[in-house]
Structure formats: structure tokens, C-alpha cells
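Q: Okay, here's the structure, questions in a sec.
The values are calculated or read from the model by the stated rules, or taken from the named source; none is laboratory data. Predicted model only: the values in this text are computed from it and were never measured. Note that each Cβ is placed from the backbone with ideal geometry, even for glycine, and that neighbours are counted across all protein chains shown.
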Amino acid sequence: MTKLLQFAGYKLSWFGLIMAPVFAVWPVLLYWFWSMWRLPNKARLAVVLIAFCGVLMDSLLLKTKVFDFVGSDNLPFWMWVLWGCFALVLVQVLAALLQHWWLAAIVGAVSGPLAYWGGANLGGQLVFADIQIFMLTLAPCWGLLLALIVYFRFLWSENDEANHNIPAV
């Protein structure tokens, strides 16, 4: 039940940030900080690193004009918050459900671009010139990102530590 509530929290955050980012950003940040406070230290670090990778990926895609945001040359603050929420739900829920990196790659390659496309149609703040270039660029980026996150989930997941032989350094 907890994982279902965590996923619902993410979906509410996503809809709020897409539909009304000015109003939703502060309640969503409050939810994010509260959720982070409840995580173990390794999981907190994973959330921050995943969010950083996502912000970096989106910033590069923005600079290369794969997509744009209305009224902004940089990644808007609400997108930073959205990446924090996505990283949180990945650590809390999705990385445990996606047990294989190749499955995560497929899920990421399909769901990542669709989430951006859906958000663009709902919120109207994300714009792109060519849908084919947009989808074909985002698919491998998202596939690779999710595959790497799931592959390295043993670094923060207490359930997976026993299943990996982590070499001592």
C-alpha cells in the first residue's frame, strides 16, 4: 500500500506541476522534502544524483533545441522540482518493480517521451518543432537513463545489497 501511495504522490505532483506550476511548486517541494526526510541516507543521495542527471539531460536537450519552454531559455524551476519528484518515485517504487535493466530501458524509451508529449499537450509550456525528432531523441535518452538507474539500484536499495557482489575498494 505504501508504494501505491508514493506513486500516487508522484502522479499528483506531476499533474500539479504540468497544469499549474506556479501554484503547485511549493506544495510539491514540501512533499518532496518530507519524503526525503523519511529515506535512508543512501537513498537520499541516489534521489539527488538521479535528479541531477535528469536536469542535466533535459538541459542538454533544451540547449540542442530538441524542445523548448515558453518564456524561458533555461530549464524552468518547476522542471527541476519535477525531476526531484521523479527521482524520488524511482528510488521508492519503480527501481524495485523493474528488476532487469533491459526492461527498464524499454519502459524508459516508451514512457519517457510519452510523458513529455502528454505534458506538452496538457500544460502547453513545453514546445517542440518536430514530433519525430522529439520522440526519436528522447527515447534513447530515457531508455539509457532508466536502464542505468535500475542497473545500479543496488547502491541504495537495501533489498538488492545481498544479491550483488560489491567489490571492496
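Q: Show the residue pairs that are 6+ apart or on different chains and have beta-carbon atoms under 6 Å apart, the first residue being within segment 1-28 and within 13 Å of G84 (Cβ to Cβ), the second being among the polar types (S, T, N, Q).
A: As it stands, the answer is V28/S13, since those pairs meet every condition given.
Q: Those residues that are in contact (Cβ under 8 Å) with a residue 40 or more places away in the chain and within 16 Å of the chain's Cα centre (by Cα), I need them from segment 39-77; list them, please.
A: Answer for segment 39-77, where residues must be in contact (Cβ under 8 Å) with a residue 40 or more places away in the chain and within 16 Å of the chain's Cα centre (by Cα): A43, L45, A46, V47, I50, C53, G54, M57, L61, P76, F77.
Q: If I filter segment 60-76 for residues that are assigned to a helix (DSSP H, G or I), at pLDDT below 95 and surrounded by 20 or more Cβ atoms within 10 Å (Cβ to Cβ), do I get at least one hit?
A: no
Q: Out of everything in segment 95-106 that is surrounded by fewer than 21 Cβ atoms within 10 Å (Cβ to Cβ) and modelled with pLDDT of 85 or more, what residue ends up being farthest from V127 (Cα to Cα)?
A: H100
Q: Which one of M19, M36 is more than 18 Å from P140 (Cβ to Cβ), at pLDDT 90 or above and in contact with a Lys or Arg (Cβ under 7 Å, 6 or more places away or on another chain)?
A: Within the list M19, M36, the selection yields M36.
Q: Return the only residue of L12, L30 being assigned to a helix (DSSP H, G or I), loosely packed, with under 14 Cβ neighbours inside 10 Å and either modelled with pLDDT of 90 or more or among the hydroxyl-bearing types (S, T, Y) (or both).
A: L30
Q: So which of Q99, Q92 ends up being over 11 Å from the mean Cα position of the chain (by Cα), part of a helix (DSSP H, G or I) and among the polar types (S, T, N, Q)?
A: Exactly one residue qualifies, and that residue is Q92.
Q: Could you pull out the residue among A109, A115 that is in contact with a Pro (Cβ under 8 Å, 6 or more places away or on another chain) and either modelled with pLDDT of 95 or more or surrounded by fewer than 18 Cβ atoms within 10 Å (Cβ to Cβ) (or both)?
A: Result: A109 is the single residue among A109, A115 that is in contact with a Pro (Cβ under 8 Å, 6 or more places away or on another chain) and either modelled with pLDDT of 95 or more or surrounded by fewer than 18 Cβ atoms within 10 Å (Cβ to Cβ) (or both).
Q: Quick test for you: out of G112, G84, G119, pick the one residue that is within 14 Å of the chain's Cα centre (by Cα), closer than 13 Å to W142 by Cα and either assigned to a helix (DSSP H, G or I) or not small (G, A, S) (or both).
A: Matching residue, one of G112, G84, G119: G112.
Q: State all residues of segment 33-59 that are surrounded by fewer than 17 Cβ atoms within 10 Å (Cβ to Cβ) and among the hydrophobic types (A, V, I, L, M, F, W, C); if no residue qualifies, say none.
A: Across segment 33-59, the qualifying residues are F33, W34, M36, W37, L39, L45, V48, L49, F52, C53, L56.
Q: Does at least one position in segment 88-108 carry a residue that is aromatic (F, W, Y) and closer than 23 Å to M135 by Cβ?
A: Yes: one or more hits.
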